[in-house]
Amino acid sequence: MQMENYTKFGISGAVWILSWLALLPTASGASEPFFKGVTVSCQTWGTEWQTPEMACTLDELQSLGANSFAIHPYARIGDDGHVRFRTIDENRHITVSLDWAQERGLSVMVVPHIAYWGSKFSWRGEIKFDTSGEWERFFSEYETWIVEMARVAQAHRAAVFCVGLEFTHAQKFTDRWLRIISAVRQVYFGKLTYGANWNEYDQVKFWDALDYLGVLAYFPLTSAAQPGASEIADGWKRRCAELDRFSQRNGGKQFIFVELGYNENARAAAEPWSFVTGGENATQIQERCIEAALSLTGKHRFLAGMFLWKWFPELPMHEEEDFRLQTPGIKALLAKYWRP
């Protein structure tokens, strides 16, 4: 933080910032934190995040060795560019879990998501408008919402804030993103990133304004049918070399894997983004992919951490979801690679 910010907040503010920095997990021998994180998702607009089951989820993740988790509050996109969000009970559905994390010594990444279902867009990468007025509406209302979420992140000491993700078309408006990032930095003093899709991170032109390079790490690793652990590991070796080179071209700035996950799918190593499930040895291939990803922990200078996708609080009426991590096999792998 710049010195004028310390002056602005005074001695008590400096103490507050130092206590906030203490929540950042540190990798052995590294000057930057390594985030062993899991995204805790929801099946509603987020009411699950303030339930007793959420507290139990954080306890379980911590017992498995996680030191961080990600949460993704929602706003809804309209076909005409409107970005609508609700502030209910002072965002208690978000703030309760952030405070629980602080009590447990867990760091948090807040990753606000645009909800596209019910619109003409099938995913965030399709969000695109035909007129300048629609683009202006989108960016103006998106900025209002993202700054509001940044205020929440600051007030409840989130370690990292993600200003957006997967905006294939919108991310090309570099000047607007620089404006958004500047507005966020006026209210939030932690680390900032952006989540680029796995095949587009080299197209983002505003990395200089952020603290971490961010990527949704659904990299295809091998096209082999029934891939073994060695083939998957070789795929990561090639990807890591690419990411390391990009990091060095950006002054050694580190990556965060904003999302990293695999469905229970025989094609998980070839198409990690796929919602398809099943196939021969699907469970084993999912676990091989997860294990290969976890084995990257603390091994590469370019990588500051990862957030696995995804986990759910075990509510009584909870339904099974794609990309589910809550299996005995995956829990054992988390403990193997992350538990001290």
With eigenvalues of the C-alpha gyration tensor scaled by 5 and rooted, segment 139-294, Å: 33, 17, 14
Label-to-label distance, nm, for residues given as Thr277 and Glu90 (7 Å Cα→Cβ offset): 3.9
Enclosed volume per residue, in Å³, of the convex hull spanned by Cα atoms of segment 268-340: 118
FRET efficiency for Asp175 and His82, using Cβ-Cβ distance with R0 set to 22 Å, rounded to 0.05: 0.55
Using a Förster distance of 56 Å, the FRET efficiency for Ser230-Lys120 (Cβ separation, nearest 0.05): 0.80
Two-site label geometry, Val187 and Glu103: point separation in nm, points 7 Å out along Cα→Cβ: 2.6
Arg339-Asp208 FRET efficiency (beta carbon distance; Förster radius 45 Å; 0.05 resolution): 0.80
Karplus-derived HN-Hα couplings along segment 278-294 (A = 6.51, B = -1.76, C = 1.60, θ = phi - 60°), whole Hz, x at Gly and Pro: x, x, 4, 6, 4, 5, 5, 5, 4, 5, 5, 5, 4, 5, 4, 5, 4
Alpha-carbon centroids, segment 79-100 and segment 195-224: separation in whole Å: 26
Amide H within-cut-off set for Ala115, under 5 Å, with H built and near neighbours excluded: Ala75, Arg76, Ile77
Cross-link partners of Lys172 among lysines (Cα-Cα below 16 Å; sequence separation of 8 or more within a chain): Lys128, Lys205
Viscosity 1.306 mPa s, temperature 10 °C, Stokes-Einstein D of the chain from Kirkwood C-alpha radius, µm²/s: 77
Spatially proximal lysines relative to Lys336 (Cα-Cα < 22 Å; intrachain offsets below 8 disregarded): Lys36, Lys237, Lys299, Lys310
Contour excess over end-to-end distance, with Cα ends at His318 and Ser140 and 0.36 nm allotted per residue: 60.5 nm
Segment 142-221 - Debye-derived log10 I(q)/I(0), Cα point model, q = 0.13, 0.18 Å⁻¹: -0.37, -0.70
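Every number here is computed from the coordinates shown, using simple stated rules; none is lab data. These figures come from a predicted structure and were not determined experimentally. As a convention, Cβ positions derive from the backbone with ideal geometry for all residues, glycine included, and neighbour counts pool all protein chains shown.
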